[in-house]
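Presented below is the structure to which this report refers.
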């Protein structure tokens, strides 16, 4: 899969072509509690809930794979990017991800911190509520062009993260 070996080469792909290369979990394999909180079709979905196509598009735009750490970041980003997300929503998701999610999806302490970093990036992005986009309308566009349109400056964010050494950074998301 090109995704794991050459993520930067994906910039030359359209959204549709890049989505074809992804190998995330099929809909039938999503555990109940994950579906309950993170799927927009669920009666108990949280702000930031997003369908699988949108979730995969966010993976591509943020250049994230499918490790537990990457998944925590993506969930944090979509929640942080949703203008309806409050501190209580973040707290509920973290408790559920730690206590109710099955092992493969469960958040460790480290992944909670990664989730918080995703929330911060989602909140700082100029275009909000990406979880509500009709991603199919962007299928013909290159990933790098979509990032520009959405104001996703990943290089700048990575430089800031390195400067702050976010792996050891003690400031968590402020639940205000």
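Placing R0 at 30 angstrom, the Cβ-Cβ distance between residue 21 and residue 95 gives a FRET efficiency of 0.30 after rounding to 0.05.
Tell me, 89, 59 in order of fewest to most beta-carbon neighbours within 10 Å?
Working: 89 17, 59 22.
By the 10 Å Cβ count, ascending, the order reads 89, 59.
Between residue 29 and residue 140, the modelled label-to-label distance comes to 3.3 nm, taking each label 7 Å out from Cα in the direction of the beta carbon. Two decimals, Cα atoms only, Kirkwood Rh: what is Rg/Rh over segment 2-164? Taking Rh as the inverse mean 1/r over Cα pairs, Rg/Rh reads 0.94.
Run the numbers for residue 155 and residue 51: contour at 0.36 nm per residue of separation, minus the present Cα-Cα distance, in nm. Mind dumping the intermediate values first?
Numbers: separation 104, 0.36 × 104 = 37.44 nm, distance 2.67 nm.
Here the segment from residue 155 to residue 51 would lengthen by 34.8 nm.
Rounded, prolate or oblate: which fits segment 61-102 when a ≥ b ≥ c are the square roots of the eigenvalues of the alpha-carbon gyration tensor, with rounded for a/c under 1.5 and prolate only if a/b beats b/c?
Oblate, since a/c reaches 1.5 and b/c is not below a/b.
Each value in this text was obtained by applying a stated rule to the coordinates, not by laboratory testing. Bear in mind that the values here come from a model prediction, so they are computed numbers and not experimental data. Glycine also receives a Cβ, built like all others from the backbone with ideal geometry; neighbour counts cover every protein chain displayed.
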